[in-house]
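Undergrad: Here you go, one structure.
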Amino acid sequence: MDFSFLDQLWVARFPLLKGLGVSISISLSSIVVGTVLGVFVGLALTYGVRPLKWLVRGYTDFIRGTPVLVLVLASYYVLGTVGINLGPFQAGVLALAIFCSSHVGELVRGALQSIPKGQTEAAKAIGLTFPQTFAYVLGPQALRQALPAWVNTAAEMVKASTLLSIIGVAELLLRTQEVISRTFMSLEFYFFAGFLYFVINYGIERFGRYVERKTAVPS
Amino acid sequence: MSNLLEIRDLHKRYGTVEVLKGVDCTMRQGEVISIIGSSGSGKTTMLRCINMLEEFQGGTITLDGAEIGYETVGGVRRRKPEREIARQRALTGMAFQQFNLFPHMSAAANVMLGLIKVKKMGRDEARALAEKWLDRVGLLSRIDHYPGQLSGGQQQRVAIARAIAMNPRLMLFDEVTSALDPELVNEVLQVIKGLAEDGMSMLIVTHEMRFAYEVSSRVIFMNQGRIGEEGDPREMFVKPKTERLAEFLKSSTFN
Amino acid sequence: MTYTLNFSAVWRSFDLLLQGLALSLGLAALAILAGCAIGLITAFGLVSKSALWRRPAGLYVTIIRNTPILVLVLFSYFALPELGVRLGKIESFVLTLAIYSGAYLAEVFRGGLIAVPPGQREAGLAIGLTELQIRTSIIIPLMLRNVLPSLGSTMISLFKDTSLAAAIAVPELTFEARKINVETFRVIETWIVASCLYVATCSLLAALMRAVERRLAVPR
């Protein structure tokens, strides 16, 4: 690699850093909102009364059947049309959060359903109410089960945050493209951006493995 | 007459643990030899060396005068090419403790696979042989059943038919009844007895002492990686020469 | 707020959406087919005893899985020409998605390979089959049955990833939808119809995979 790339990288350091910051805040906000939503989705899928369960099942199936990019574009264009004026950042985060919620919802449902029926029965037998059963018996077990996969969902959200460049959110990838349009060094700068994403996601992946080891029930 | 199988000074190590510490054994055509011994004595390992499911570091195994698995060229011992080893493996048949039938193939297809792929037989010829051998083990009526639809004893009989259909020079049985429910053991042993009566050469690793007593022309007692004692079962089981064998026989049940 | 739904403009362009969908399916089919070949070879590398195979296979999977696909798509189309690799939009995208899906499919296949009991290989060896014969007649058929459920969901997610081709102006479903959106201003209708087409295709693919699963199920 010749030195002009390093020069250009130095010149572009602030926009790129800002972009990285935006990428991280997109990811964080969509993970937080998506997880909160997703826990409710998961609970509704597992314990909800029939009509609610069907409604939520329809929601998750629809979201999971639609590409994230379509969610992002639809959120961006549709919200404005119906008079909700959100910037591209908010619209994009909303789309990613909805996407995240359907994944987390499935995770929560899978984790809760994997707990043997005997656990609930044992809790009932010692006289626990359902909220107590959930708080002390089911919840902790489901959390252990779902945590490693949830960390992977976080990595998915970081990757999905790049899609917001398409609706003009100045995150890392869009900043990179801007730098490329000025310097014409597409090879170097795409490689650099890819490397940054790799480092972040690889870190998350390793963290996920660590969590997996930590949450394993001693046996 | 030359020997069917000759094992000379067989040594086998897993890492630093030596499981076979110099085994010598010869076998003539038509002999039925049972190998007994406690677990960890090396009896299964010895069997698995004969068809190269295990590599071994020292000694030679020859079948019909041809060295199995290894060749020495210019003083250097090396593994034979995989094709040659595959060809040699087809000269022996093996039945496993866990049957290892191919679950995605019917009983007939299990028997036919080796005939078609290794013996290059046509489908019709292979099917006819499969019918013959499945009939022989009493499972002609189950010929198109899948392993998952058969009992353990039936699966093991199909596995024996699969091995024997390849027309091997020597059959190797590796604790073929150990994974079976007690009431299914006998049907499998009957099949093996039938093969013995036909004059098939067989090496049988087993925990069934009464069966070993009844079917074998010779018994080998393995002890800590060596042959502890061998001889006619009618003498060995009644008057063991070594204390080890006496102890082993006392701890095993005859039924 | 008053917005009355009016689908007529979208229906007039419906054939464009269908053409887009057909292209999406074509892109996915080509990429997944190539990806299966790459994934199968890589999976055997991942479970190989030799580090010479395992290391590069692991590196490939790790790099691809941790890089956003949009970066890969843009890199192949805009940056590779600098290295003298000049591909059309569609070729570039199919190649990228194939390499991308190869990594994910490798992980799927690896799981299926590990689940095949070692006794199956030994039984194959014992009747004199070669390693290659064992792989084609025994290991791969059993592995495929093991992985069918996760293979289905991976394929569906790869099909959805064809929407990324819109970023380099490949006229697939998402690209056409966006075009109709901009031209007709029937924003809500366009995206409802486009999403429904994706959802319907995904459910159809899922049903298809379940049928294949039933068809290949080992009788018991």
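Undergrad: What tally of residues in the stretch B:141-160 results from selecting those that are more than 10 Å from chain C (Cβ to nearest Cβ) and of a type outside the set (Val, Ile, Thr)?
TA: Kept after step one, since they are more than 10 Å from chain C (Cβ to nearest Cβ), are these residues of the stretch B:141-160: B:141-143, B:151-158, B:160.
Now narrow it down to the ones that are of a type outside the set (Val, Ile, Thr): B:141-142, B:151-157.
Going through the stretch B:141-160 one residue at a time, the tally reaches 9.
Undergrad: Could you identify the single residue in C:94, C:116 that is under 27 Å from the mean Cα position of the chain (by Cα), more than 27 Å from residue C:161 (Cβ to Cβ) and open to solvent by 10 Å² or more (accessible area, probe 1.4 Å)? Break it down stepwise before answering.
TA: Numbers: C:94 fails: more than 27 Å from residue C:161 (Cβ to Cβ).
Among C:94, C:116, only C:116 is under 27 Å from the mean Cα position of the chain (by Cα), more than 27 Å from residue C:161 (Cβ to Cβ) and open to solvent by 10 Å² or more (accessible area, probe 1.4 Å).
Undergrad: Looking only at strands (runs of 3 or more DSSP E) that lie completely in the stretch B:1-95, which have at least 3 residues being at pLDDT 95 or above and within 14 Å of chain C (Cβ to nearest Cβ)?
TA: Numbers: elements: B:5-14, B:17-27, B:32-36, B:58-63, B:70-73, B:76-79, B:92-95.
Output list reads B:92-95.
Undergrad: Residues C:80, C:59: which one is part of a helix (DSSP H, G or I), at pLDDT 95 or above, within 30 Å of residue A:161 (Cβ to Cβ) and aliphatic (A, V, I, L, M)?
TA: Working: C:80 fails: at pLDDT 95 or above.
Among C:80, C:59, only C:59 is part of a helix (DSSP H, G or I), at pLDDT 95 or above, within 30 Å of residue A:161 (Cβ to Cβ) and aliphatic (A, V, I, L, M).
Undergrad: I'd like to know if the stretch B:200-207 contains one or more residues that are open to solvent by 80 Å² or more (accessible area, probe 1.4 Å) and either farther than 22 Å from residue B:182 by Cβ or outside any loop (DSSP other than H, G, I, E, B) (or both). Lay out the reasoning, then the answer.
TA: First pass over the stretch B:200-207, keeping only residues open to solvent by 80 Å² or more (accessible area, probe 1.4 Å): B:207.
Adding the requirement that they be either farther than 22 Å from residue B:182 by Cβ or outside any loop (DSSP other than H, G, I, E, B) (or both) leaves none.
There is no residue in the stretch B:200-207 that is open to solvent by 80 Å² or more (accessible area, probe 1.4 Å) and either farther than 22 Å from residue B:182 by Cβ or outside any loop (DSSP other than H, G, I, E, B) (or both).
Undergrad: Residue by residue through the stretch C:35-50, note down the ones that are surrounded by 18 or more Cβ atoms within 10 Å (Cβ to Cβ) and under 14 Å from the mean Cα position of the chain (by Cα).
TA: Of everything in the stretch C:35-50, those that are surrounded by 18 or more Cβ atoms within 10 Å (Cβ to Cβ) and under 14 Å from the mean Cα position of the chain (by Cα) turn out to be C:35, C:36, C:38, C:39, C:40.
Undergrad: What is the number of the single condition among (1) of a type outside the set (Ser, Thr, Tyr); (2) under 16 Å from the mean Cα position of the chain (by Cα); (3) away from every other protein chain (no Cβ under 14 Å); (4) crowded, with 19+ Cβ neighbours inside 10 Å that residue A:147 does not meet?
TA: (4)
Undergrad: Could you please tell me which pairs satisfy a Cβ distance under 6 Å, a separation of 6+ or placement on different chains, a first residue in the stretch B:55-66 that is touching a residue at least 24 places away in the same chain (Cβ under 8 Å), and a second residue that is exposed (fewer than 14 other Cβ atoms within 10 Å of the Cβ)?
TA: Once the first residue is touching a residue at least 24 places away in the same chain (Cβ under 8 Å) and sits in the stretch B:55-66, its partners that are exposed (fewer than 14 other Cβ atoms within 10 Å of the Cβ) give B:59/B:9.
Undergrad: I've got another one for you. Might you let me know whether the stretch B:207-224 holds any residue that is out of contact with any helix residue (DSSP H, G or I) (no Cβ under 9 Å at 6 or more places or on another chain), under 25 Å from residue B:21 (Cβ atoms) and modelled with pLDDT under 95?
TA: yes
Undergrad: Within the stretch C:164-180, does at least one residue satisfy the condition of being in a helix (DSSP H, G or I), under 27 Å from residue A:82 (Cβ atoms), basic (Lys, Arg) and open to solvent by 10 Å² or more (accessible area, probe 1.4 Å)? Can you show your working first?
TA: Within the stretch C:164-180, the first condition is being in a helix (DSSP H, G or I), and the residues that meet it are C:164-168, C:173-180.
Still in the list and also under 27 Å from residue A:82 (Cβ atoms): C:164, C:166-167, C:173-180.
Those left that are additionally basic (Lys, Arg): C:178-179.
Now drop any that are not open to solvent by 10 Å² or more (accessible area, probe 1.4 Å), which leaves C:178-179.
Within the stretch C:164-180 (the criterion being in a helix (DSSP H, G or I), under 27 Å from residue A:82 (Cβ atoms), basic (Lys, Arg) and open to solvent by 10 Å² or more (accessible area, probe 1.4 Å)), the answer is yes, since at least one residue qualifies.
Undergrad: Among the residues that make up the stretch C:100-114, is at least one of them of a type outside the set (Lys, Arg), without any contact (Cβ under 8 Å) to a residue 40 or more places away in the chain and at the interface with another protein chain (Cβ under 7 Å from one of its Cβ atoms)?
TA: Looking for residues that are of a type outside the set (Lys, Arg), without any contact (Cβ under 8 Å) to a residue 40 or more places away in the chain and at the interface with another protein chain (Cβ under 7 Å from one of its Cβ atoms), one finds none in the stretch C:100-114, hence no.
Undergrad: Determine whether residue A:176 is at the interface with another protein chain (Cβ under 10 Å from one of its Cβ atoms), within 15 Å of residue C:77 (Cβ to Cβ) and at pLDDT 95 or above.
TA: Numbers: at the interface with another protein chain (Cβ under 10 Å from one of its Cβ atoms): yes; within 15 Å of residue C:77 (Cβ to Cβ): yes; at pLDDT 95 or above: no.
No, not satisfied.
Undergrad: Another question about this same structure. Go through the stretch B:108-147 residue by residue and tally those that are in contact (Cβ under 8 Å) with a residue 40 or more places away in the chain and within 16 Å of residue B:184 (Cβ to Cβ).
TA: 3
Undergrad: Is it true that residue C:193 is part of a loop (DSSP other than H, G, I, E, B) and in contact with a helix residue (DSSP H, G or I) (Cβ under 8 Å, 6 or more places away or on another chain)?
TA: Numbers: part of a loop (DSSP other than H, G, I, E, B): no; in contact with a helix residue (DSSP H, G or I) (Cβ under 8 Å, 6 or more places away or on another chain): yes.
In short, no.
Undergrad: Taking residue C:155 as the residue in question, decide whether it is away from chain B (no Cβ under 14 Å), open to solvent by 40 Å² or more (accessible area, probe 1.4 Å) and assigned to a helix (DSSP H, G or I).
TA: Numbers: away from chain B (no Cβ under 14 Å): yes; open to solvent by 40 Å² or more (accessible area, probe 1.4 Å): yes; assigned to a helix (DSSP H, G or I): yes.
For residue C:155, the condition - away from chain B (no Cβ under 14 Å), open to solvent by 40 Å² or more (accessible area, probe 1.4 Å) and assigned to a helix (DSSP H, G or I) - is met.
Undergrad: Another question, then. Considering the stretch B:12-28 alone, what residues qualify as being touching a strand residue (DSSP E or B) at 6+ places or on another chain (Cβ under 9 Å) and open to solvent by 50 Å² or more (accessible area, probe 1.4 Å)?
TA: Narrowing the stretch B:12-28 to residues touching a strand residue (DSSP E or B) at 6+ places or on another chain (Cβ under 9 Å): B:12-13, B:18-28.
Across the stretch B:12-28, the qualifying residues are B:13, B:18, B:21, B:24, B:28.
Undergrad: What about residue B:101, is it under 26 Å from residue B:185 (Cβ atoms), within 14 Å of chain C (Cβ to nearest Cβ), out of contact with any strand residue (DSSP E or B) (no Cβ under 9 Å at 6 or more places or on another chain) and open to solvent by less than 70 Å² (accessible area, probe 1.4 Å)?
TA: Criteria met by residue B:101.
Residue-by-condition table, conditions (1) more than 11 Å from chain C (Cβ to nearest Cβ); (2) among the aromatic types (Phe, Trp, Tyr); (3) part of a loop (DSSP other than H, G, I, E, B); (4) surrounded by fewer than 20 Cβ atoms within 10 Å (Cβ to Cβ):
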site	(1), (2), (3), (4)
A:53	yes, no, no, yes
A:56	yes, no, no, no
A:76	no, yes, no, no
A:91	yes, no, no, no
A:104	yes, no, no, no
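Undergrad: Just a yes or no: is a residue in the stretch B:83-94 within 17 Å of the chain's Cα centre (by Cα) and on the phi > 0 side of the Ramachandran plot?
TA: No, there is no match, as no residue in the stretch B:83-94 is within 17 Å of the chain's Cα centre (by Cα) and on the phi > 0 side of the Ramachandran plot.
Undergrad: What pairs can you find where one residue is in the stretch C:136-156 and in contact (Cβ under 8 Å) with a residue 60 or more places away in the chain, the other is among the charged types (D, E, K, R), and their Cβ atoms are less than 9 Å apart, with a gap of 6+ or different chains?
TA: Here the result reads C:145/C:213; C:148/C:210; C:148/C:213; C:149/C:210; C:149/C:213; C:152/C:210; C:152/C:213, each pair linking the stretch C:136-156 to a residue that is among the charged types (D, E, K, R).
Undergrad: Go through the stretch A:158-169 and give me each residue that's surrounded by fewer than 24 Cβ atoms within 10 Å (Cβ to Cβ) and more than 8 Å from chain C (Cβ to nearest Cβ).
TA: Within the stretch A:158-169, A:167, A:168 qualify.
Undergrad: Just one of B:132, B:120 is of a type outside the set (Asp, Glu) and assigned to a loop (DSSP other than H, G, I, E, B); which is it? Full working, then the answer.
TA: Details: B:132 fails: assigned to a loop (DSSP other than H, G, I, E, B).
Going through B:132, B:120 in turn, just one is of a type outside the set (Asp, Glu) and assigned to a loop (DSSP other than H, G, I, E, B): B:120.
Undergrad: So which residues in the stretch C:123-147 are open to solvent by 10 Å² or more (accessible area, probe 1.4 Å), more than 24 Å from residue B:173 (Cα to Cα) and more than 7 Å from chain B (Cβ to nearest Cβ)?
TA: C:132, C:135, C:136, C:140, C:144, C:146
Undergrad: Follow-up question, since we're still on this one. Which numbered condition in (1) closer than 17 Å to residue A:34 by Cβ; (2) open to solvent by less than 40 Å² (accessible area, probe 1.4 Å) is the only one that residue A:137 fails?
TA: Of the numbered conditions (1) closer than 17 Å to residue A:34 by Cβ; (2) open to solvent by less than 40 Å² (accessible area, probe 1.4 Å), the odd one out for residue A:137 is (1).
Undergrad: Among the residues of the stretch B:135-154, write down those that are open to solvent by 40 Å² or more (accessible area, probe 1.4 Å) and in a helix (DSSP H, G or I).
TA: Correct list: B:135, B:136, B:140, B:141, B:142, B:149.
Undergrad: If you check A:35, A:46, which single one turns out to be more than 17 Å from residue C:192 (Cβ to Cβ), in contact with a Leu (Cβ under 9 Å, 6 or more places away or on another chain) and more than 12 Å from chain C (Cβ to nearest Cβ)?
TA: Numbers: A:35 fails: in contact with a Leu (Cβ under 9 Å, 6 or more places away or on another chain).
On inspection, the qualifying residue turns out to be A:46.
Undergrad: Against the conditions (1) out of contact with any Gly (no Cβ under 7 Å at 6 or more places or on another chain); (2) within 12 Å of chain C (Cβ to nearest Cβ), where does residue B:163 fall short? Just the number, please.
TA: Among (1) out of contact with any Gly (no Cβ under 7 Å at 6 or more places or on another chain); (2) within 12 Å of chain C (Cβ to nearest Cβ), the lone unmet condition for residue B:163 is (1).
The values are calculated or read from the model by the stated rules, or taken from the named source; none is laboratory data. Owing to the predicted nature of the structure, the values given are computational and were not obtained by experimental measurement. Here the Cβ is made from the backbone with ideal geometry for all residues, glycine too, and neighbour counts use every protein chain on show. SASA here: full protein model, heavy atoms, side chains in, ligands and nucleic acids out. Shrake-Rupley method; radii C 1.70, N 1.55, O 1.52, S 1.80 Å.
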